[in-house]
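One structure is given below, encoded as structure tokens.
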Amino acid sequence: MSHNLQQEKQKILVIDDHETVLYGTIYALKQQYPEADIRTTQTAQQLLEQLPSFKPDLVVMDLSIPDKVGEHDKSDVGIQLLKTLMQQYPTLNFTVQSSYIKALVRIKPTIDAHQGGFTVADKSLSTKEMLKRIDWALQGLTYTKDLKAMQSGLEIKQDWLTLLQLAFEEELQDQEIAKRMLVSARTVRHYWTKVQDVLEVYPDEGKRNIRIQTERRAREVGLID
Amino acid sequence: MTFIEQNFIFLLIYFISVLWLVASYLKSQKALQWWSYGQSLKLADEAEQIRDSLLQESCCMRRSIERSIAEKPGAFAETSSDWIHSVEFLHHSLAHLGDRLSPPYVEHSLPLAIEFLIQSWQAKNTQLKIATQLPELWRDELPSHSIIVLQILDELLRTLSVKNLTKISLEISLIPLQYELKELIIRISYPDVQSLCFCSQLPELKYLKQTFRFLTAGQCFCRRTKLTETLYFRWRSLKRN
């Protein structure tokens, strides 16, 4: 985990209507981020009320949640809430912790366009693995490898190809790339996380350089010569 | 009564009988389509309950065990990994059960649902060679026909697998045709004439074709060239509102 992230006081909002899961997640988060301000909600409406004032760095959410108190939980509610949040807060980081992550394929275009971190964690995962996904989301990374349907056809957008060509064939730094592509530096970072997700290149504990891994993988699949 | 009058009455009875049979066929077809889709919805509800209840409970169990281990690592040293494995096994079994009751992606995208189904079959039967040609984009349609198409394909794969026809190879294509017609093409290549004769005469294949025609009001036909048999399943898709 990034040392800087541990030192900063993180603000994390967790939504899950299953109390035991909620407590389990909170317990793990408090162990990992002892200084963090962690709040919880159990319905979509409560989350929408809390979000503007709390301004979290990360939302950890279940998909199967009720819209209001007393209503039944439905995955449609979580999917719609996530879609709304990604459109209203395009740079907010998300970790989706769900027992049926396949449902996310319904909003694939919205996930592709999202500029903040976005990681998925199936509820079968260990606490350690879940915390790793949460950390990646806080770093602004994208991780959708477990959603095989999201990766089908190795869909590469033209902007991502241009990024690879400028970075590895013209050997430009991100700032130069941003100027050449007429986009912000943040957008360049966003393109990096998306292309790395499609190429299945993620930070590993061996601390290998992720850009070098990206270049090697891009050459392997023929995206660059 | 004259001969012409008698003939007229016979003809009238004949036409009324034909009309009655056609009406009866269409009524039975509607009733069975309703029944089939209703059963699929019930199974989807069961799958939803598994995902929203039992899988959540198994997650709670796992988190509780992991918390106990973290708080008192020495106390559960011998049994902790067994517990975690048991919970993992339970979770994955329930998740697979949910996927069998309600096939993933079928409500959203038939190509994705077919891809998932084929991957599941190939994981179980590594010898079965299946190539696919599935479109990335699929027009939004009501899932009632998609579920039947998927069930037909699943049953076909099961039949071929049960009959131990592992030396055959399959090519599965999904094609959107004109006028909202959709077509699933399954090309089966046999290693020899004996396999071709054995497989093409399987009663299960005939039942599958009839079931498809009846439940989707679609067409199913077959073409054979040398050692290859191609099944065409064609139906008219219903658009969502």
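The values are calculated or read from the model by the stated rules, or taken from the named source; none is laboratory data. None of the values given here were measured: they were computed from a predicted structure. So basically every Cβ, Gly included, is an ideal-geometry build from the backbone, and we count neighbours across all protein chains shown. Only protein heavy atoms, including side chains, enter the accessible area calculation; ligands, DNA and RNA are left aside. Shrake-Rupley method; radii C 1.70, N 1.55, O 1.52, S 1.80 Å.
Remark on A:Leu92: its backbone amide H falls under 5 Å from those of A:Gly116, a criterion applied only to residues 5 or more positions apart or on other chains, H modelled at 1.01 Å from N.
Average accessible surface for the range B:1-145: 67 Å² per residue, computed with a 1.4 Å probe over protein heavy atoms with every protein chain in place. Around the amide H of A:Val120, modelled in the peptide plane, lie the amide H atoms of A:Val96, A:Tyr143, all under 5 Å away and 5 or more residues distant in sequence or on another chain. Among A:His18, B:His108, the sequence by solvent-accessible area, most first, with a 1.4 Å probe is B:His108, A:His18. Rounded to the nearest 10 square angstrom, A:Tyr100 shows an accessible area of 40 square angstrom against a 1.4 Å probe. Global dimensions of the range B:84-148 from alpha-carbon coordinates: Rg and Dmax equal 14.2, 42 Å. When B:Leu153, B:Leu11 are compared by accessible area of protein heavy atoms, the largest-first order is B:Leu11, B:Leu153, using a 1.4 Å probe. A rounded overall shape is assigned to the range A:11-149, the ratio a/c of its alpha-carbon gyration tensor axes (a ≥ b ≥ c) being less than 1.5. Which one of B:Ser173, B:Ser200, B:Ser64 has the biggest mean-square fluctuation once chain B is modelled by GNM with Cα springs under 10 Å? Greatest mean-square fluctuation among the candidates belongs to B:Ser64.
Taken about its Cα centre, the range A:158-221 carries a charge dipole of about 140 debye when Lys and Arg each add +1 at the Cβ and Asp and Glu each add -1 at the Cβ. In the context of the full set of protein chains, chain A has a per residue accessible area of 47 Å² (1.4 Å probe).
Accessible-area rank, largest first, for B:Val22, A:Val221: B:Val22, A:Val221, with all protein chains present and a 1.4 angstrom probe. Of all lysines in the structure, the ones whose alpha carbon falls short of 21 Å from that of B:Lys27, not counting any fewer than 8 places away in one chain, are B:Lys209. How far, in degrees from 0 to 90, does helix A:75-88 lean away from the longest principal axis of the Cα atoms of chain A, to the nearest 10? So the inclination is approximately 50 degrees. Can you tell me the 0 to 90 degree angle between the C-alpha axis of helix A:185-198 and the longest principal axis of chain A, rounded to 10? It is inclined by approximately 90 degrees. Dividing the C-alpha radius of gyration of the range B:70-120 by 2.2 N^0.38 Å, with N its residue count, gives 1.77. Panel note: contact residues of the range B:32-58 (accessible area lowered by at least 40 Å² against the chain on its own; 1.4 Å probe) correspond to B:Arg51, B:Asp52, B:Gln56. Take the accessible area of A alone and of B alone, subtract that of the pair with a 1.4 Å probe, and the total buried over both chains is about 2300 Å². Across the cross-link table entries A:Lys194/B:Lys124; A:Lys102/B:Lys30; B:Lys30/B:Lys206; A:Lys30/A:Lys55; A:Lys30/B:Lys72, which are compared at the Cα atoms, the separations over 27 Å belong to A:Lys194/B:Lys124; A:Lys102/B:Lys30. Once you have a ≥ b ≥ c as the square roots of the Cα gyration tensor eigenvalues for the range A:158-221, tell me rounded if a/c is under 1.5, and otherwise prolate or oblate according to whether a/b is larger than b/c. In terms of gyration-tensor shape, prolate. Burial here means at least 20 square angstrom less accessible surface with every protein chain in place than with the chain by itself, probed at 1.4 Å; in the range A:21-39 the buried residues are A:Val21, A:Gly24, A:Tyr27. If only the Cβ of Lys and Arg carry +1 and only the Cβ of Asp and Glu carry -1, the dipole of the protein assembly as shown around its Cα centre is close to 1200 debye. Of the residues making up the range B:123-166, those losing 30 Å² or more of accessible area when the isolated chain is joined by the remaining protein chains, with a 1.4 Å probe, are B:Glu136.
At the residue level, A:Arg217 shows approximately 80 square angstrom of accessible surface with a 1.4 angstrom probe and all protein chains present. When nucleic acids and ligands are ignored and a 1.4 Å probe is applied, B:His91 ends up with an accessible area of around 10 Å².
Each Cα pair of the protein assembly as shown feeds into the Kirkwood radius, which the Stokes-Einstein equation turns, at 20 °C and 1.002 mPa s, into a diffusion coefficient of 83 µm²/s. In whole Å, what is the distance between the alpha-carbon centres of the range A:52-93 and the range A:170-224? Rounded to whole Å, the Cα centres lie 29 Å apart. Within chain B, helices built from complete DSSP H runs that reach 15 Å or longer along their own axis (Cα positions) and carry a mean Kyte-Doolittle hydropathy of 0.0 or higher are B:3-49, B:110-124, B:143-162. Angle of helix A:19-32 to the longest C-alpha principal axis of chain A, folded into 0 to 90 degrees and rounded to 10: 50°. Amide H contacts under 5 Å for A:Val183: none, restricted to partners 5 or more places along the chain or on a different chain, H placed in the peptide plane at 1.01 Å from N.
Charges were assigned to the Cβ only: +1 to each Lys and Arg, -1 to each Asp and Glu. The resulting dipole of the range A:11-149 about its Cα centre is roughly 400 debye. Extent along the principal axes, Cα only, for the range B:86-241: 47, 46, 26 Å, with the longest axis given first. Hey, any idea what % of the protein assembly as shown's accessible area is carbon plus sulfur with a 1.4 Å probe? About 53 percent, which is the carbon plus sulfur part of the accessible surface.
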